[in-house]
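**Student:** The following block contains the structure, expressed as structure tokens.
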Amino acid sequence: MKKILIAIDGPAGSGKSTTARLVARRLGYVYVDTGAMYRAMTYKVLTSGASPADEAAVVKLSRDTRISLVDGGELKVMLDGQDVTEAIRSEEVTKSVSLVSSYNEVRVLMVEKQRQIGAAGGCVVDGRDIGTVVFPHADLKFYMVADIAERARRRQVELSGTGVDLPVEQVVQELKERDFKDSTRETSPLKKADDAIEIDTTNLTIDEQVEIILSYAREVAVGHEEMQRK
Ligand code: CDP
């Protein structure tokens, strides 16, 4: 079947990454976690001692940074040759990532890289601006949403798995702040593309989310095949 490109956007904790990763596995596609790229950039800023608020310094650093995603079963995130897969999930990175990713020049560099990876098709790409900016002509676009209480519960469980226990009120607050920053920034704000299919995951299991996307994907891939045969 023809290899298509699937874009998945949505706010934090809506289930994008888990779903995107599993859909990619099932289809034998590459999973592209664009949030991980912005997180890696943020990690570099923090460890280099620059302030995330210093746009000029962040942009300068970003020009001299190599970020790659190695998808071999588990997705590995490499920053200048170093494996930062776990380090980029820290609270410090999470707190600063929205600011670092709001800088236009940082985005231009990341988007260029994302387009290179996606050019061959056969990808599931997740983020905030994939269907709107990075791949406006994606074969399939999804926008995942979920109630804030459910998103916070998921994030709390995820954090607790890494040994960080936070009260749910704090998780709600942090998610709201990040959503606000991501959806109100000037460059490529988080928003649903007009032609994206919205999926509310509040009451869905991961398996159900994966199956919904797979059924659309099969339909589109088969449609492409038939068009080519005609
Ligand atoms: O997994 P989680 O929902 O926590 O977020 P993520 O996908 O790892 O993305 C982290 C942050 O990177 C987001 O809150 C955005 O600020 C930024 N981001 C972005 O600006 N554009 C993207 N395409 C992906 C992420």
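**Student:** In the list PRO52, PRO11, which residue meets the criterion of being more than 11 Å from the ligand (Cβ to nearest atom), under 30 Å from VAL157 (Cα atoms) and not charged (D, E, K, R)?
**Tutor:** PRO52
**Student:** Quick one: which of SER48, SER68 is more than 30 Å from SER215 (Cβ to Cβ), open to solvent by 40 Å² or more (accessible area, probe 1.4 Å) and in contact with a strand residue (DSSP E or B) (Cβ under 6 Å, 6 or more places away or on another chain)?
**Tutor:** Every option except SER68 fails the conditions.
**Student:** Cβ-Cβ below 8 Å, separation at least six or inter-chain, first residue in region 176-198 and within 30 Å of TYR216 (Cα to Cα) and more than 12 Å from the ligand (Cβ to nearest atom), second open to solvent by less than 90 Å² (accessible area, probe 1.4 Å) and hydroxyl-bearing (Ser, Thr, Tyr): which pairs?
**Tutor:** LYS192/TYR143; ALA193/THR132; ALA193/TYR143; ALA196/TYR143; ILE197/TYR143; ILE197/TYR216; GLU198/TYR143
**Student:** A follow-up question, please. Output the residue which, of all residues in region 119-133 that are closer than 21 Å to SER101 by Cα and among the aliphatic types (A, V, I, L, M), is surrounded by the fewest Cβ atoms within 10 Å (Cβ to Cβ).
**Tutor:** Top of the filtered list is VAL133.
**Student:** May I pose another question? In region 22-45, which residue that is of a type in the set (Lys, Arg) and over 23 Å from ARG66 (Cβ atoms) is most open to solvent (accessible area, probe 1.4 Å)?
**Tutor:** It comes out as ARG26.
**Student:** Also, quick follow-up: State whether the residues of region 92-109 include one that is open to solvent by 50 Å² or more (accessible area, probe 1.4 Å) and among the hydroxyl-bearing types (Ser, Thr, Tyr).
**Tutor:** So far as region 92-109 goes, no, none of its residues is open to solvent by 50 Å² or more (accessible area, probe 1.4 Å) and among the hydroxyl-bearing types (Ser, Thr, Tyr).
**Student:** Here's something else I'd like to know. At least 1 residues that are more than 27 Å from SER62 (Cβ to Cβ) in each: list the helices (runs of 4 or more DSSP H) lying fully within region 79-193 that qualify.
**Tutor:** Counting at least 1 such residues, we get 148-161, 168-184.
**Student:** Out of the residues in region 134-151 meeting the condition of being open to solvent by 50 Å² or more (accessible area, probe 1.4 Å) and of a type in the set (A, V, I, L, M), tell me which one is nearest to the ligand (Cβ to nearest atom).
**Tutor:** Here the answer is ILE148.
**Student:** For region 60-78, how many residues meet the condition of being outside any loop (DSSP other than H, G, I, E, B), more than 25 Å from GLY122 (Cα to Cα) and away from the ligand (no atom under 15 Å from the Cβ)?
**Tutor:** Final tally of qualifying residues: 3.
**Student:** Can you name the condition, by its number, that SER188 falls short on among (1) crowded, with 19+ Cβ neighbours inside 10 Å; (2) at pLDDT 95 or above; (3) within 30 Å of HIS224 (Cα to Cα)?
**Tutor:** It is condition (2) that SER188 fails.
**Student:** Just need a number here: residues in region 25-40 that are within 15 Å of the ligand (Cβ to nearest atom) and either under 13 Å from GLU74 (Cβ atoms) or of a type in the set (D, E, K, R) (or both).
**Tutor:** Count: 4.
**Student:** Is it the case that some residue within region 152-167 is under 26 Å from MET110 (Cα atoms), among the basic types (Lys, Arg) and surrounded by fewer than 20 Cβ atoms within 10 Å (Cβ to Cβ)?
**Tutor:** Yes, region 152-167 contains a residue that is under 26 Å from MET110 (Cα atoms), among the basic types (Lys, Arg) and surrounded by fewer than 20 Cβ atoms within 10 Å (Cβ to Cβ).
**Student:** Condition test on LYS95, is it under 23 Å from THR19 (Cβ atoms) and within 12 Å of the ligand (Cβ to nearest atom)?
**Tutor:** No; evaluated as a whole, the condition is false for this residue.
**Student:** So, one more: Which one of GLY163, GLY223 is without any contact (Cβ under 8 Å) to a residue 24 or more places away in the chain and at positive phi?
**Tutor:** GLY163
The values are calculated or read from the model by the stated rules, or taken from the named source; none is laboratory data. Predicted, not measured: the structure shown is a model, and the values here were computed from it. No Cβ is skipped: glycine too gets one built from the backbone with ideal geometry, and neighbour counts run over all protein chains shown. What goes into the accessible areas is simple: the full protein's heavy atoms, side chains included, and nothing from ligands, DNA or RNA. Shrake-Rupley method; radii C 1.70, N 1.55, O 1.52, S 1.80 Å.
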